[in-house]
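What follows is one structure encoded as structure tokens, with my remarks underneath.
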Amino acid sequence: MTRPATTPLGVGDAAPEFPLSISHGDARETLSALRGEAILLVLASPHWDPACEELPALYPGHSAGAAAPRVVEEHRLEVARLFGVEDATALFVIDEHGVIRWRYVAGVDSIPQSSVPARDAEPADGAHAFPASMSRRDFVQSALTAAALLAATTLTPRQARADTGASQVEPGTIAGAARITLNVNGRSLPLDVEPRVTLLDALRDRAGLTGTKKGCDHGQCGACTVHVDGRRVLACMTLAVMLPPSAKITTIEGLAQGDALHPMQQAFITHDGFQCGYCTSGQIMSATAMVNEPWGKGDDDVREAMSGNICRCGAYPGIVAAVQSVRGATKEAAR
């Protein structure tokens, strides 16, 4: 049976009303009964236990003695559907006026949605393939981002903009920052970055795409390799503000199609082309681009083409074998 596609509620939308699972005496609270305080709503997939009891201590204001935002956890499918979420773990920060100010939906949002209406960045129809779980690391990262937002922002009725259903956070919260838009893995990501911020730091620290690794930070090891318009680029040597919105950036997170690995990713597994794995994402990104470049057929040609990517573990024989297997398969498919 095919599950109908759903669209999660976005930033600026009013949170729907529903009875909470928490009961006080004989009275059951509703979401509207909690107006006047910020809420972190956790819609937890039944396939994963996010250990919500640990979350309040993660908020910066909690350790300073301030009241921690209330954490509300819901496992009920009917509640998740009210927010347009099914079979996925999702986080919504709801302000004291009942307006959604921040959201993270596993499998939909590559980064938390907070500065623009989330529907402006929704993927195309058919792209909502929600996984049944998300990692604890991703969840904690998301919770910490929500904490920073709540700690740094005091919302007022005027800012909530509930009457228009729109939410705008003014750019310039970072001194000297510029508003840019990056097209990463097919999604448009608006970011506020200083002119000196590299593409590598923008991807890792601002967009939460940590698959791209920082090795030397001097353009010498290749661990930060990504694709820009199909060509391999060292992200640590590229300034984020230099890239126009039309530039199509692909990171290691964008190679696989759902659960189906890219042929080069599978080849690295099959031929044991890695050991510690730190350089592997850069190696794979470089290899997927070089197979479309005019290099010779031999192993020495592969070594020369891949010489900008260093493997300190010395897994070069497996790397060469993986690249050659994909090149051979590509040639066979072209016949």
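When only Cα pairs under 8 Å and 6 or more residues apart are kept, what is the percent relative contact order across the range 221-278? Please report the intermediate quantities before stating the final value.
On the way: 37 pairs, mean separation 15.8, N = 58.
It rounds to 27 percent for the range 221-278.
With every protein chain kept in place and ligands, DNA and RNA left out, what is the accessible area per residue of the range 225-308? Probe 1.4 Å, answer in Å².
Values: 4500 Å² over 84 residues.
Heavy-atom SASA per residue in the range 225-308 reads 54 Å².
Set the Förster radius R0 to 30 Å, insert the Cβ-Cβ distance between A178 and C276 as r into 1/(1 + (r/R0)^6), and round the FRET efficiency to 0.05.
Working: r = 36 Å, r/R0 = 1.21.
After rounding, the FRET efficiency stands at 0.25.
Near T288, within a Cβ-to-Cβ distance under 12 Å, what is the net charge of the other residues, with Lys and Arg +1 and Asp and Glu -1? Provide the component values of the computation, followed by the final result.
Working: positive: R231, R232, R327; negative: E293.
In short, +2.
Largest first, how would K297, K213 line up by accessible area (1.4 Å probe)?
Values: K297 160, K213 50 Å².
From most accessible down to least: K297, K213.
Within 14 Å, Cβ to Cβ, of G36, how many net charges do the neighbouring residues add up to if Lys/Arg are +1 and Asp/Glu are -1?
Values: positive: R35, R70; negative: E29, E37, D95, E96.
Overall, the nearby charge balance is -2.
Can you list residues from other chains, or at least 5 along the same chain, whose modelled amide H is less than 5 Å from the amide H of L20?
Amide H neighbours of L20, under 5 Å, 5+ apart: E29, T30, L31.
Would you tally the net charge around T250, using a Cβ to Cβ cut-off of less than 15 Å, leaving T250 out, and scoring K and R as +1, D and E as -1?
Numbers: positive: R187, R231, R232, K248; negative: D229, E253.
That sum, taken over residues with Cβ under 15 Å, equals +2.
Return the carbon/sulfur percentage of the accessible area of the range 260-332, one whole number, probe 1.4 Å, all protein chains in place.
Details: 2100 of 3700 Å².
Answer for the range 260-332: carbon and sulfur cover 57 percent of the accessible area.
The values are calculated or read from the model by the stated rules, or taken from the named source; none is laboratory data. Everything numeric in this text was worked out from a predicted model, so none of it was measured. Cβ: placed from backbone, ideal geometry, glycine included. Neighbour counts: every protein chain shown. Ligands, DNA and RNA are stripped out before the accessible areas are found, and what is left, the full protein with its side chains, is counted by its heavy atoms. Shrake-Rupley method; radii C 1.70, N 1.55, O 1.52, S 1.80 Å.
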